[in-house]
Structures are given as C-alpha cells and as structure tokens.
1. Along the Cα-to-C-beta direction of W687, a point sits 7 Å from the Cα; which residues of segment 748-777 have their amide N less than 20 Å from that point?
2. Which net charge results when you count Lys and Arg as +1 and Asp and Glu as -1 among the other residues whose beta-carbon is under 12 Å from that of E750?
3. Would you please classify the overall shape of segment 880-932 from the alpha carbon gyration tensor, given that a ≥ b ≥ c denote the square roots of the eigenvalues, rounded means a/c under 1.5, and beyond that prolate means a/b larger than b/c while oblate covers the rest?
4. In nm, to one decimal, how far is the modelled label at S598 from the one at Q816, with both set 7 Å along Cα→Cβ?
5. Modelling each spin label as a point 7 Å along the Cα-to-Cβ direction, I'd like the S729/D267 distance in nm, to one decimal.
6. Along Cα→Cβ, 7 Å out, is where each label goes; now give me the distance between the ones at L172 and K224 in nm to one decimal.
7. Report the calculated FRET efficiency for K232 and I281 (r = Cβ-Cβ distance, R0 = 30 Å), to the nearest 0.05.
8. Please work out whether segment 177-356 counts as rounded, prolate or oblate from its C-alpha gyration tensor, where a ≥ b ≥ c are the square roots of the eigenvalues and a/c under 1.5 means rounded, while otherwise a/b larger than b/c means prolate and anything else oblate?
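Taken together, the values in this text are just the output of simple stated rules run on the coordinates, not laboratory data. From a predicted model like this one, the values you see are computed outputs, not experimental measurements. With ideal geometry, Cβ positions are generated from the backbone for all residues, glycine too; neighbour counts draw on all protein chains shown.
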Amino acid sequence: MSTSPSSRQARTHSIMTHFSSVFPNPRPFMKYGDKGEEGKEGYPFIIPDLWKPSCFAPDDSAQPTLFPIAPLQETVLNITKPLDPYKDESEVNLFTFDHDFAEYFADPDPGSPTEVDSIASTAGEAVEQESSDTSEDIWLRPGSSDLPVNPRFQTWESFLSAGANNPANPYLSEAGSQVFDAVLTEYVDGSEEITEVVRTDVLCTCLLHLGLGRNSVLFTYDRKKAEFLSIKPRLRISGCTAGTVDSIIKSFADCGKKIKQLQKFVDDVGNDSRVATPSTIALADCITAIVESIRQRLSVDPATISSVLHLHSLMREPSLIIDTFHQIISQTAGISDDSRLLTTLFEVVQQEQHRSGWLKPLLMEALARVTRPWLESIEEWIGLGRPAGGEGIGFKGSVERGFFVRVEEETYVNERGAERTNRNFIFDKAKVPSFMSAESGESLFESGKSLRFLQKFHPSHPLSRPGAVEGARAPRLEWKFSWEDLNNLQSQAMSYERELRLAIDKYSVQGSTATAPMAGNYQSVPGGIDAFETFGKSKEEIGAMIGKSVSAMNSPPLSIEHLHKKDLLRTLVLKISRLELNPDPGHDHLTAFAPPISITPVLSFSHIFAVQAKIINTACLNMFFKGHKVREHLSLLRKFELFGDGVYSSRLSHALFGDELDGTEKRGGVHRTGGTMGLKLGSRDSWPPASSELRLALMGVLDESFDNTQTKGGIHHAGKDGDLPGGLSFGVRDMTMGELERCMDPNGLEALDFLKLQYKPPSPLDAIISTTALYQYDRLFKLLLRVLRMLFVVNKLFRDATSRGSRWHTVDPVAQKFRIEARHFVDAVCSYMFETGVGSTWRKFEDKLQDIERKLDSHDSDLGAEGIESLRVYHESILDRIMFATLSRKRQAPLMKLMEDIFTSILTFAKYSHAKAIGAQTNDEEIPVLYAGFKRRIGIFINVCRGLSEKRGYGDGVKDSEGRRAVDAIFGSGSKEEGNLLSMLLLKLEMTEYYTDTGKGEREKIKKGGRGRKGPSDPA
C-alpha cells in the first residue's frame, strides 16, 4: 500500500518527537572525532566515570542510577550472612529505575500498584538517607548503620507479578526437630508402642560406652546371651525416629560385642595353658594393645560430641579395626598349633589389608609381633646371635607348639651292654607355615642339624658360639615392609657373612677366635637392658655383666607411658584419626611403594637364611671331609661291601670256594696243617660251617686287603685292639627259620646268605652313612657274593671236564653246550653287575664328592644348599641307583627271580659235574632236561629285559623330589640312564637273537604292561 510524501514526513516527525521524550539528551550521538570533555559521556564503562549518571537519565542531578551505590554497599557488608528468602523486612533492591523510564515497563492495568513503584520508592528513600549522611564516615562508626537483617532474593516472578510468593521448602526434615517431633506425635499409630525421647547428649555418652564394650545407664551386657541389651526398648532422640536410632544402636552394640569377644579371647589365653602357645600369647598381647589404645583414643569429653553423626564418624575407624581383628580370632579359633595359627593369620592379613589404606600398617605390625616367637625359634635353631640349644634341649616344647623340627629319642644297647639314648631330629614338612616354602624349611632344618654336629664335635668353633664372635653381629629375623629396609637388611647380612668368615679362617689357622665383650647384641628387654648370658664368657665378663645387672635393678623402673611410646602398634592405633589428615611420614612407606605382602616373607628372610646356611654347610663339610675323612670311609665301603678291590675279591673267593686250600672241617685222625685254609664250598657235604671254621678261613682277609689299599693320609686302624675303621669284620646275619633251612644246602644258591660284613660308622659319620645306607650295602653284598660264587662255579665246570685228575672221560655234547652257555651268561651278568651296575654309577658319585671338595678348597666357590643332609641324600640315592641297576629293587623281584632260577640250574649242573669228575654215580638222563629248562629261562629272562627296556617310564628312577634332586645333582638334570642299563645287559647276553624265540611270549606280556613271570617251575 503506497503513501504520500507529506504523510511520511508527518509520521517521521511524530516518531522523533516521541523518541526525544524518551532520550531528551542528544549528546551521546556526537561524532567520535570530538575529543572534548563532553565526548566522553557516551562511554559508560570508562573507569573514572563508571558511577556518573547515565546520559539516558532525564535529569543529570538525579541520584537514582541503574546500580544504586548504597544498596550495593549494604549488600557487600552483609554478604557473609546467609540470605533468607522468606522474610520481607529491609529489602535490598538491586534494580532501581526512574519513574518516567519505568512507565514503559508498567503493568497495562493503571489501577493496580506495581512492584516497580515500590522498588523505585524504596530506592529513593535509600538515596535520600545516603545523601543526608554524606557528612559522616560509616567506617569510623561501624554501628551507626543498621544492616538489613534478613534480605531476600529478587526473582523475576516477584518483579513481573506483585502477588507472586516464593515457594516454601516441602521437606519436613528441614523444618526443625520440634516440627518433626510434633508431626511424629500427631500421626503416630495407636497400635504402636510409644517411644521414649532421650536427651541427645545422654544417648551419645551411652553410645560411646556401648561402642567401647562398657555398661551404661541405657545399655548393659548380658553374659548368657553374649550381647548388649537396651534398658528400655525403642529409644529415640528429638529429630529422629525410633527405627533410625535402633539402627545406630545396633552398629554400636555390634562393635561393643566384638570388643567383649576380643577380651574373652585374651582371658582364655591367660587362663588356659593348653592354648597358650607363644604365638597365641603374642596375638592376645596385640589385641590387648589395640583395645586399650582405642579406648584411650576415644576417652573424650562427652560435651565435645555435637551429634550422633559426629559420634558415628569418630567410631568409624576404631570399628573397622575391631571388626578386622575379630575376623582374625574367628578364623584362628581352636588352633593350638603355632604353624597353623601363623598360616591362617597370614592368609587373613592378605585378605583384610585391602579394606582400607590406613589399615595395612596396623596389620603388618600385628603380623610381625605375632610371628616374633616363631622367628625366635628359627634364630635359636640356626644359631643367629644366641647359643643354639643342645640335642633336644628346648625343642620338645617347640614341637608341641608347632615348630617344624621334631625330636625322636631312640634307646639302644651298645656292644658293652650299656643302654644309650640317641636323639634324632626329624623334619616335619606339615609344620612349615604357608608364608615359607617347604624348600626353605628343609634348608633351615639341615642348617640347624649341621650346627648341632658342629657344636658337639667342635665346641670352640665360631659357629658353635653364636653372638660371641667380635664384630660379627647377626641380623635379626624381622619382617621388612619397605624397599629401604630390605636394602639395609641385605647390607647387614653381607657384613655379617664377611666378619664371620674372617673369624672362621682365623680359627682354622690359630684354633681360636676373638670373642665379643657382650653376647647377644640385640637380645634385650624393653628399656635397653641386655639379656644375661654366660655362654662362652670369662669370669671377668660374667662379673661385669652381674655388675651391670645390679645397676639396672637399682635404677627406678620405667613408666608405663614410656614403654607405650615405643610400642609401634599402640602408636599406629592412636594416629589413625580423621583429624590427622597428614600421617607420620616415618610410616608412610608401609602404604606407598611397599612390596606385596605375598613376597614380603621371601624378601625379608631368604637372604639371611641363605647366608647362614652357606656358612654352616661350608664349615660342616670341611669338618667331615678334612677332619673325619668321610671320603676314605666311603671308599672303604666301596672296596669291601661292593667288592671294589680286586685283591679283596680274589682272597675272599679263594677262602670260600677254593679247592686247593686246606679245609677247615674237622676230620677224625686228620690234623690241620696250620697253613692257609678255606671253607671249600662245593666240595664238601657238611654245611653250614662252624663259627671256628669261619674265623680260620676268613682270618686275615680283611686286614691284608686293607693294608694293601692304604695310601698316605688315609684312615688307619682305630682302637686299642687294632680294629679296622668302623669295626669292619665278617659276621653272621640274623635269619628266620626258613632262611636257615635254605642255607643248610651247600649246593643251593642261598648257601652263603648267612655271611655278612659288619661296619658301624664312627660318630659323626653316621649322619651320612645312615642305617638306610647300611641296609642297602648289606643287600648288595649278599647279591654280589652270589654272583662271585657263580663266577667261580662256571670256571670250575671246565676244570671238572679237562683236569688230569678228572674221571669224566666221555664228551657229552649237551653237557658241553650247557657248560659254555652257563659261563657266557654268568660272565655277562658278572661284568654287568660289577662294571656297569656298580662301577660306572659309583664313579659319578666320586666325581660329585671331588667337586664338593674342590669347592671347599676354593673360598670363592658357592656350595649353595649342599650340606651334611645333602651328602647323605647323595649317598643313599647312589646306592638306590646301584640297586636298580643290579635288579635288586622291589619292583624288579620277578626279574630277579628268573635270574635266581637260572643260577639254581647252573648250580644243579655243577653238582652233577663235580660228581662226574670224582667218579661218583650220576644220572646222565637228567642233563638234557636240565639244559632245556636252563635255555628256556634264559630266553624268558632276555625277552623280559628287552620288554622292560622298551617300556615307557621304566627308567624314570626315584619318584620323590628329594631323591630326584639328588640324582639330578649327580648325573645331571633329567638323567634317565636306568632304562639304558638293561639294554647294556642285553647287549652283553645276546647279539644274534639266539635266545629270542624261546621267550617271545613273555616279551609280548611285558609290552602290554606285565611285570614278567614270577619264576617258572623247574621241570627238572
């Protein structure tokens, strides 16, 4: 729609007139180029003119501005006081407008008063009051200006609508405790029991006593129910419901109940000696310290407790501590064994340490204190800084309380008829706590056992007097929970090892060492009083110690507070408080960058154990190798028990079986010549020989063979009667009636089973040459004596047929084949037994002994865990391996039965051959049948051996870990030569499969898992 120019001009004039009424001052629209004073009025944010009246105001002299100064100053003065939006006195107006300017924002209804008018009037009054007081300085009289008491917030709702009201808070819980109590009383159900309101301060005081396990006016402890009961049910305080108060009371009652149970545990330990083991007593002491420290910490003035929530926050950490230790005694309840107690404690500590960061140091300290008695037993056992207990002294009780060393007493009668008691230490693997490996426990057992041998035979040795060596300060067995402590421990252990080695070297050269003025550098009671020890002390040192003890007794006793200051457990409990946000930096290492608890025992103890074990093992092995000549004694057993000496074997063979010697048998009218005599087994009818015949035949065999094999520096005759080392001599074996009957047949294989070689290792060599080893030697001696006899018998078969005095003039082909095959079999078995089964295996053992002796001569070499016990295991393992190679193991009994049957067939043929040679009456028809059975047995024997050598797992050897480690140490890791030994026997017996077809069926049975035949019946 178009308009005329005149109308448009009139409209523009009207708009400008209206605009001039709103903005009467045209100066803000001056050009920017004007640099005069008036040109600056157009910039409202120029700092010097920030509070000047705006150019939009109708009059420059008007005081009200967009931001009135007085209300803003009043608001700033009152800003620290919270504003209350619910009251209308002394309102503070943040927005003030001029009446002419505000009319453009007025309500359309002119009859209704607007809030803008009230705001403007209020602001005008404030400006007038300010202008009237401009002559006064309000900062000189701060009380002269009354500040608004309850200013309210200005909202857009109240600005736009005069009748708008601020909404009230709908939550009843914020209306005050009196309103809450009134509403609770008004709407209580008539069926409900009326609760009794208790004063808040009284309830807080009673709750504090309840949480600490004490009786009060509101709560009492019922011993029958073992819980705290309220004097009046359903108590409450103003502002809380009875249910809320009941839940609070329940949490405090639960804490108090647990404290009572902890106190009962402590009382039971003190009253019942059956459960009062050292570790249990230490645990009870920890609980006592914790409960007393918590009560000391919460001994506060009840007036300082502002509310139940404040009290609950105070009890939060103590309640967690009490709950944790209640879990510990619940898990360890009924355990009277220290090792099981420590195992359970260690597992509970690992589980509970993650409940809170500040709880870990407390648990670590409790673990260290409870394990302290057990660690002291370890120190006593391995000789760290205190005299080690003698044989059995102090260890019977240790066994009962869970120590892993068990003492067994063995009573025997010696050769003079006197009764003797021998104490043996036994390692109990089940008594090793879980934080220590079984290998570490076994190493500690060997170290302690070796130390007692050293004390018994070398009492002046530095290791026999722990703590008495000057400069050698043994580290204490303690838990180390920080990397810094672990590094210090390693340095201390290295220093201890260095000083002790110097003392041992000096003892080896001079025979004495310098002793420290005071023993037990760390054994002291609280307060720094040294423990009184007289072991290894002179009169002057004992006198000085007595004087020091008298001075200590005359000094005033230390106060309990002084002792408690050194109690780290009490200190930790007292420091665990929410008010102390910065913990002691000295204990911060227990929670930050600490090693995991699972590996802490290994890091804390393994290095000390290794150092002590290495020193003790080296000293004891030196004692055995250089002082007691253990290698010479082992070589003696090899030569005589295992027929390792050719002269001895030849002399014994002729003395027992030789025909050319004079007989020891008494004959009527025949006088003995007095020359070399023998038993002539196989050429006599009466058997067994008398004891006098044995003495005559074997007299001089051992002495002459022993003197012939002696070298310079070896062992010599011992005793006033010139006995051989270890009382080496021939004797008669104890046998059953059935065994005696079999020995009475001179042509039987068991004819010489009554003969044995007696040897008793001199002390302390019995620690290595044990009873088990002597039993193995005896079994091998009996087997090898049988083989030696068979070798003599098969050689005699040819002399019976070819000697000049023989009356066997005809040549029997079957007998000749029998003679040849019997000699081949016995020669192969004999060569295998003596060379492969015994000789090659023993040489491995000799190499191991030589390696140990070489390490002993070199101070820089490390023996590791090798000690007396390791040497014993090596010895028994090598004998066990020899028994396996010689088919003497129990699982090889069927194979040994086959070989014995073959030997029996040969002995039967030897009897026939001897009778034929002297011209006696014989039955020639039995020889073909006997030869057929002999050949069949050899075929079965060869096929059974071949099946066993091909069977998987047959050559694995010993199955127990101790024996397996010993075999690996001697023969190398993973050695399985036992399976190849039978292959070597097969190679000696047969290379052309001559006997294979006769025993093929038995071979198939072995491959299917059979053990072989238990011994076929002899058709002859």
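1. Output list for this probe position: 748-757.
2. Working: positive: R733, R742, K782, R786, R789; negative: E739, E741, D745, D753, E900.
Around E750, the surrounding residues sum to 0.
3. On the way: a/c = 5.70, a/b = 2.79, b/c = 2.04.
In terms of gyration-tensor shape, prolate.
4. The answer from the label model is 7.9 nm.
5. So the two model labels end up 7.0 nm from each other.
6. 4.0 nm
7. Values: r = 41 Å, r/R0 = 1.38.
Calculated value: 0.15.
8. Details: a/c = 2.60, a/b = 2.34, b/c = 1.11.
The shape class here is prolate.
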